[in-house]
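**Q** Submitted below is the structure of interest, expressed as structure tokens.
The values are calculated or read from the model by the stated rules, or taken from the named source; none is laboratory data. Values in this document were obtained by computation on a predicted structure and should not be read as measured data. As a convention, Cβ positions derive from the backbone with ideal geometry for all residues, glycine included, and neighbour counts pool all protein chains shown.
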Amino acid sequence: MTDPRDREIAALRLRVAELEVELHAQAARTAATVAEAQEKLYWLERWHVDLDQLMAKPGAVPALDTLRRARGVARSAKRVKRRLLGS
């Protein structure tokens, strides 16, 4: 017969293994997010863009919203083009 403590230990070991897998996946996602942020920061620094100063100007938020909408339209147009051309 199996001791209940042995079953509990086995279950706990299994849970620890699952949590370690989750932790590694989360670490990978975090590393990817940090890398993306560093890439964006690199280009902002290289172009000498100060986002705080830029966004403090009147009309910056509406301009940013317009830019986001325009990018969305461009992405949709590319998607439609790909579907129509079969690429």
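**Q** What pairs come up if the first residue lies in segment 1-25 and is without any contact (Cβ under 8 Å) to a residue 24 or more places away in the chain, the second is of a type in the set (D, E, K, R) and part of a loop (DSSP other than H, G, I, E, B), and their beta carbons are under 6 Å apart, counting only those six or more places apart or on different chains?
**A** Listed by first residue and then by second, the contacts come to nothing, as the list is empty.
**Q** Report yes if residue 53 is at negative phi and surrounded by 10 or more Cβ atoms within 10 Å (Cβ to Cβ), otherwise no.
**A** no
**Q** I've got another one for you. Quick one: would you say residue 14 is surrounded by 10 or more Cβ atoms within 10 Å (Cβ to Cβ), over 25 Å from the mean Cα position of the chain (by Cα) and modelled with pLDDT of 95 or more?
**A** Yes: the conditions hold for residue 14.
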